[in-house]
Amino acid sequence: MAQLTTSDLIAIRRHLHEYPELAMQEVNTHQYLLSVIKKFNQANLEIRELKELPTALLVYVHGSDPKRTIGYRTDIDALPVTEQTGLPFSSKNPGVMHACGHDIHMTVALGVLNWFSEHQPKDNLIFFFQPAEESQNGGKVAYEKGVFTGKWRPDEFYGLHDNPNLPTGAIGCRMGTLFAGTTEVNVDLIGKSGHAAYPQDANDMVVAAAQFINQVQTIVSRSVNPIEGGVITFGKLEAGTIRNVIAGRARIEGTIRGLTQKMIEHIVMRLKQVANGVATSYGATVNIEFNQGGYLPVENNEALTKRLIAFAKQDPKTQFIETQPAMTGEDFGYLLSKIPGTMFWLGVDDDSPLHAPTLNPKESAIPKGIQSIIRFLEFRQQATD
Ligand SMILES: CC(=O)N[C@@H](CCC[C@H](N)C(=O)O)C(=O)O
């Protein structure tokens, strides 16, 4: 296959959109990516599959006169969201949707890889198709399994995330922290179930959970410096089985976000205090689990980010927008804590936010994103440092 056309790219994106898969289950996505890449000019490519991380895929592009090895990462997983876009190419996998735009990310990565398979770069390039960004921190798992060793260790790493709030094709970035660090939190409140008519003989965990959730709202409003900010969101609450049986258990699952590790640790500490306080006052037992995994704050490397921003500002075909830090999480933060690099946004202009069942990114962002990234990687390879 020669150069992919825009309609090839749209067809690829729509196929990926129709068949989304959850974290670590991206078996068909992996096979599809592989089938597309195998049609590219293989002269300078080396494809690597991993027994230890079977849905991941790496592709090495051998440079003609390499001074460095540049990594480019895309995530490939989807979310447990039921699509409500009404699009003709809506998800065919019930309850699963590319509601975070990873279908766009993968297509952009394929477009850039396709270009460099036809136009050999000077530097070596590594494309990392990473499973499990939304949960289970695929980036950290890959790193810890030794995927980025020897010639497979990039000197610098780049990755993007789509952004519905930015104009189509615009590149957004900033020096320093781009995304928050996140920590997943699970709270189990255990009391005593009983008959709805005899509350005095039971210990109702629906009431305890309601109290806990309300009290937690005071952590960010009263214990966090408003200039620094923080987020606690509980996206899942489960308690009870039927209306007339008092619930003896409640489980609350959420996510904590902060722009620094210190802020995350502060919120974790206050959350434990509130949970233990509510449990004591309700005579309940509480179990709390925290899991940060690889979702460290996304810290952009100073020198590399300066260069990326300088490129984007002077490139007449790239619209650059300097963005604020976002409370979105990304396990690319873990990879950037090990390998210097930069994460940036690609504008996809949509009224629906990320993770919404109606998210419908503008597909015209795909060729624009590909062209900007190709030009950036070519610009990068001209530098002597
Ligand atoms: C870009 C994006 O939406 N990322 C996710 C990352 C989730 C991290 C972790 N599983 C958590 O929920 O804390 C996000 O929700 O920001």
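All of the numbers you see were taken from the coordinates with simple rules; none came from a lab. Everything numeric here is computed off the predicted structure, so don't read it as measured data. When we count neighbours, we look across all protein chains shown, and the Cβ atoms used for this are built from the backbone with ideal geometry, even at glycine.
A few remarks follow.
- Average Cα contact separation per residue, the chain, under 8 Å, 6 or more apart, as relative contact order %: 22 percent
- For the range 286-333 versus the range 141-208, the gap between their alpha-carbon centres in whole angstrom: 15 Å
- Förster radius 51 Å - calculated FRET efficiency between Ala197 and Thr149, Cβ distance, rounded to 0.05: 0.20
- Using 0.36 nm per residue and subtracting the Cα-Cα separation, the extra length available between Gln273 and Ser223 on full extension is 16.8 nm.
- Assuming charge only on the beta carbon of Lys and Arg (+1) and of Asp and Glu (-1), the dipole of the chain about its Cα centre is about 420 debye to the nearest 20.
- Modelled this way, with points 7 Å down the Cα-to-C-beta line, the labels at Asn287 and Asn41 are 5.8 nm from one another.
- Here the extension length gained between Glu322 and Thr384 equals 19.7 nm, from 0.36 nm per residue of separation less the Cα-Cα distance.
- Selected from Thr182, Ile76, Phe376, residue furthest toward positive end of dipole (the chain; charges at beta carbon): Phe376
- Gyration tensor (alpha-carbon) shape descriptor, the range 299-385, a/c threshold 1.5: oblate
- Where only C-alpha atoms are counted, convex hull volume of the range 1-114 per residue in Å³: 106 Å³
- Model label zone, His355; criterion: amide N under 19 Å from point 7 Å along Cα-to-beta-carbon; scope the range 266-296: 267-268, 271, 289-296
- Within the range 314-341, backbone nitrogen closer than 11 Å to the virtual label 7 Å beyond the Cα of Glu265 toward Cβ: none
- Each Lys and Arg adds +1 at its Cβ and each Asp and Glu adds -1 at its Cβ; summed about the Cα centre, the range 104-198 shows a dipole of about 160 debye.
- Relative exposure of Leu346, Leu237, judged by other C-beta atoms within 10 Å (fewest first): Leu237, Leu346
- Each residue of the range 323-329 is assigned a 3J(HN,Hα), and the resulting list reads 9, 7, x, 10, 8, 5, x Hz, derived from the Karplus form 6.51 cos²θ - 1.76 cosθ + 1.60 (θ = phi - 60°), x at Gly and Pro.
- Note on the chain: semi-axes of the ellipsoid equivalent to its C-alpha gyration tensor, largest first and rounded to whole Å, are 42, 23, 19.
- Relative contact order (%) - criterion: Cα under 8 Å, at least six apart; region: the range 281-360: 37 percent
- Listed by chain and number, the lysines placed with their C-alpha closer than 17 angstrom to that of Lys151 are Lys67, Lys122, Lys338; residues fewer than eight positions away on the same chain are left out.
- The value of relative contact order for the range 1-99, using C-alpha pairs under 8 Å at least six residues apart, is 35 percent.
- Rounded, prolate or oblate (a/c below 1.5 giving rounded, otherwise prolate when a/b exceeds b/c) for the range 181-291 by Cα gyration tensor: prolate
- Cα gyration tensor shape for the range 43-86, rounded if a/c is under 1.5, else prolate or oblate: prolate
- Within the range 60-99: backbone nitrogen closer than 11 Å to the Gln25 label point (7 Å, Cα to C-beta): 78-81, 93-97
- FRET efficiency, 1/(1 + (r/R0)^6) with R0 51 Å, evaluated for Lys122 and Arg251 via beta carbons: 0.40
- Distance from the C-alpha centroid of the range 334-364 to that of the range 24-85: 18 Å, rounded to the whole angstrom.
- Fewest-first ranking of Thr29, Thr82, Thr168, using other Cβ atoms within 10 Å as the exposure measure: Thr82, Thr168, Thr29
- The chain: calculated mean residue ellipticity at 222 nm from DSSP helix runs of at least 4, using -39500 (n - 2.57): -11000 deg cm²/dmol
- The Cβ shell under 14 Å around Ile10 holds other residues with a net charge of 0, Lys and Arg each +1, Asp and Glu each -1.
- Neighbour-count order for Trp152, Trp345, fewest beta carbons within 10 angstrom listed first: Trp152, Trp345
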